[in-house]
Structures are given as C-alpha cells and as structure tokens.
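A short worksheet on the structure shown next.
The values are calculated or read from the model by the stated rules, or taken from the named source; none is laboratory data. Bear in mind the structure is a predicted one, so any value in this text is a computation, not a measurement. Note that each Cβ is placed from the backbone with ideal geometry, even for glycine, and that neighbours are counted across all protein chains shown. Side chains are part of the model used for accessible areas, which takes the heavy atoms of the whole protein and leaves out ligands, DNA and RNA. Shrake-Rupley method; radii C 1.70, N 1.55, O 1.52, S 1.80 Å.
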Amino acid sequence: MPIQLIVASGEPRFHDFVREQLSLTPAAEIVNEHEEMGPNLSVRVLHYLNLNPQSAVLLDISGDAEQGLRALEQMAQAVPGLYVILSDKASGEDFLLRSMRLGATDFLQQPLKRAEFNEAMTRLEQHVQRIHRQGRQLGRMYTFAGVKGGMGTTTASINLAAVCARQNLSTVLMDLDMDSGDAACYLGLRHQYSLADVVENLEQLDQSMLEGIMIRDPLGFYVLCAPEEVERSRHVSEEHLLEIGTFLIQHYDVVVVDGSRALDPLLLGCLELSETIFVVLTQEFPAVRNAQHYLAALARVGYGHDAVKLVVNRHEKRGSLHVSMDQLQETLGAAPFWGFPNRYEEAMKSVHEARPVVTRANTDLGRSYRDFAKKLGLAGKQAATVQQK
C-alpha cells in the first residue's frame with residue numbers, strides 16, 4: 001500500500017529534507033505541502049484530507065508549539081483515527097504524553113535525522129498495512145502488557161480468551177513471557193511443545209501442525225506456550241513473531257497475547273499486528289510512575305492513544321495509599337478504558353482451581369471480564385464471528 005503524506009511546516013529546510021528522503025522511498029508521495037502555518041492550518045489540511053482520505057499528516061510545530069498543538073487537536077477531533085507524525089525540538093515525557101493525548105500518533109525530534117525519519121516512515125507503512133489487513137476481515141489480536149511485574153496480565157489474558165471461546169469464537173492465547181511464562185500453569189495444563197517448536201518448523205507451518213503443538217483448554221481455546229528453556233527462547237525473533245502472528249489472525253477469530261513487561265522486539269512484533277494494546281497497571285504509585293514511562297516509550301515507537309488502552313487491575317474506589325482514577329487520568333493524560341475490581345478471594349479461588357474466574361457464576365470479577373469483552377464487541381449481542389472459514 002502506498003504512503004501518502006501531507007506536510008505542514010513553516011521551515012523551508014524541513015520541506016526540503018522530507019522531499020529528499022521520500023524521493024528515496026518506494027511507493028511514497030507528498031500529496032500536499034503547507035508552508036504558511038497560521039491559525040487556520042487545520043482547516044486547510046482537512047480540506048486536502050477530504051480529497052486524500054488515506055493520507056497521513058507530518059506536522060512541524062517548532063515555530064509555535066501551542067498553535068501547532070491546537071491544530072493537531074482540531075484535526076484529530078475532525079478525523080478520528082488520523083495518523084499524525086508530530087515534529088518538534090522538545091521531547092520530554094510530559095510533552096510526549098500531552099501530544100499523544102491531543103492526537104499525535106508518532107513523533108520526530110528535530111533536528112531531523114535520516115535514520116529516525118526512515119524508521120518513522122516504516123512505522124507509517126506498517127500502520128497502512130494494518131488498516132489494509134483489517135479491511136480484509138482478518139481475526140483480531142489483543143495484546144496485554146504490564147507496566148511492571150505482578151500487574152495481572154496473565155489473568156486478564158486468560159479470562160478474555162475464555163470469554164471469547166464461550167462465545168464460539170476460535171481463539172488462541174499466546175504466552176509471550178519468555179522469562180516466566182505460566183499461562184498453561186494457571187489453567188492446569190501440561191504442555192510438551194512451545195513457540196520454539198513452531199519457529200523450528202515454520203517452513204511446514206499449517207493449521208493442523210500448529211494445533212498439534214498448542215494445547216487445548218476444556219473451554220475450547222488453544223494455548224501457544226512460551227519455551228521453558230531459556231536457550232530456546234533466544235532463537236525466537238521479531239520476524240518469527242510477525243510470521244506466526246500473521247498466520248494466527250488469518251486462521252482464528254481472536255488472538256490474545258500475554259505480553260512480556262519489557263518493550264523488546266518480540267513484543268513490538270505483536271504490537272504491530274494488534275488491534276488494541278492493553279497497558280495493565282494498578283493504582284499503586286510505583287505502577288502509575290512506570291505507566292508514564294511505558295506510555296512515553298510506546299509513543300516514541302508510534303503507538304498513541306488510538307491503539308493503546310489503559311486497564312486498571314485490582315481497582316478500588318477508595319484507598320489512601322492509591323492513586324484515584326481522576327489523578328491517574330490527569331497524570332497519564334488518558335482515561336482508563338476499563339477497571340477490574342479488587343476481589344482477592346475470587347481471584348485466589350480461581351488460581352487454586354486452575355480455572356478462569358469467568359467460569360464461576362455470580363462473581364463480581366467474572367462479571368467484569370464478561371462486560372469488558374462486551375465493550376470490545378466480543379461477547380453478548382455484539383459478538384459475531386470475525387471471519388468466515
């Protein structure tokens with residue numbers, strides 16, 4: 001899919017740099033340029049977006065940051081899902097989070113550097129490809145990533161997979177925690193094979209072989225386990241994950257990824273294919289602080305608020321030692337997408353029984369997971385098979 005770009009900057013050298021770099025980029029073109037910034041910039045850009053609806057916007061705000069951010073906000077409100085690459089000399093975490101909240105998708109720091117610009121174009125190309133894949137009605141991938149250890153990403157991943165399976169959606173849970181993957185253990189399942197075995201047999205990959213490697217939970221969803229041997233984990237690369245992830249969304253309705261804590265190449269490979277990235281945290285001060293860094297890091301590699309959703313685990317409405325939801329929103333620049341209630345006894349009983357909490361009737365936590373899936377359109381009246389097989 002070609003890259004189309006609308007460039008807005010009051011600096012002629014900025015335009016010269018972009019033209020020169022895009023001339024070396026196959027299937028990339030500038031559809032319009034704006035050198036006069038001014039207060040009506042957003043109106044002029046929106047006019048050309050109407051003519052070229054697939055275009056992304058490269059917006060240089062170094063001349064007047066506040067005016068540029070207002071233009072960004074106006075464009076993002078007028079065109080939901082618009083891909084905007086913001087560029088400025090500032091690059092602090094607070095600035096990045098504010099920009100992301102106002103609608104920026106990616107960021108390029110000035111002075112512009114050839115390698116960083118090319119990386120940004122690669123991310124834009126991947127975004128265009130994701131949109132194209134979604135238009136072909138492939139399955140959906142959801143990735144859970146914790147801002148630190150103990151956030152409950154495995155529990156969240158397992159219960160979403162369980163809800164999807166109970167809705168007769170073909171579902172795979174992929175355990176991507178290469179250090180301590182224990183999704184199978186949480187479910188009381190024993191496995192002989194893992195992701196490493198898929199990698200070693202990629203040339204023969206088909207659905208029959210894959211389902212021979214995965215283990216099947218009694219609810220009907222499959223689990224693709226992380227390797228238990230550290231040395232075998234090192235043989236799994238980002239390219240392998242992209243190939244396996246693409247195969248999964250081509251053959252299954254829902255793929256749920258229990259991600260690692262670190263933004264390593266393996267996790268980034270899954271994020272590229274994911275419809276939504278759930279950043280999981282609690283209301284504890286260290287978790288909220290880590291979430292700031294995590295969101296800023298995601299923004300730097302091209303994942304803004306459109307793709308990233310905050311999920312608060314063990315949510316409590318009151319607690320002197322916790323950050324309130326209002327404070328959390330103010331600090332992180334985004335309202336949480338969902339909060340799972342703090343029900344310790346329900347959670348522990350589920351762990352001891354090695355069964356998802358959604359299988360137990362009349363539990364607040366189970367009800368919350370089911371409602372979470374409904375909000376995603378994966379359960380209840382909204383649920384529908386993602387693809388016809």
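Listed values, structure above:
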{"read-out": "Other-chain or far-sequence residues with amide H under 5 Å of Phe107's (modelled H)", "value": "Leu86, Gly302"}
{"read-out": "Among Val254, Ala120, Leu241 the positive-end extreme of the charge dipole of the chain (Cβ point charges)", "value": "Val254"}
{"read-out": "Sorted peptide list for 356-368, 148-160, criterion being average Cβ within 10 angstrom, highest first", "value": "148-160, 356-368"}
{"read-out": "Accessible area (Å², 1.4 Å probe, nearest 10) - His235", "value": "120 Å²"}
{"read-out": "Protection proxy ranking of 198-209, 166-177, 294-305 - average other beta-carbon atoms within 10 Å, highest first", "value": "166-177, 294-305, 198-209"}
{"read-out": "0 to 90° range, to nearest 10: angle between helix 114-135 axis and the chain longest Cα axis", "value": "60 degrees"}
{"read-out": "C-alpha long axis of helix 285-300 to longest principal axis of the chain, angle in °", "value": "50 degrees"}
{"read-out": "Probe 1.4 Å, protein heavy atoms only - accessible area per residue of the chain in square angstrom", "value": "46 Å²"}
{"read-out": "Mean residue ellipticity (222 nm) of the chain, computed from DSSP H runs ≥ 4 via -39,500 (n - 2.57), nearest 500", "value": "-13500 deg cm²/dmol"}
{"read-out": "Extension gain (nm, one decimal) between His352 and Glu228, 0.36 nm per residue minus Cα-Cα", "value": "42.4 nm"}
{"read-out": "Gln192 versus Asn168: modelled label distance in nm, points set 7 Å from Cα along the beta carbon direction", "value": "3.2 nm"}
{"read-out": "The range 7-103: relative contact order in percent, alpha carbon pairs under 8 Å with at least 6 residues between", "value": "27 percent"}
{"read-out": "Accessible surface of the chain [probe 1.4 Å, protein heavy atoms]: carbon and sulfur percent", "value": "47 percent"}
{"read-out": "Beta bridge orientation in the range 160-274: antiparallel %, DSSP, nearest 5", "value": "20 percent"}
{"read-out": "Residue-span extension gain [Asp326 to Leu24] - 0.36 nm each, minus C-alpha spacing", "value": "104.0 nm"}
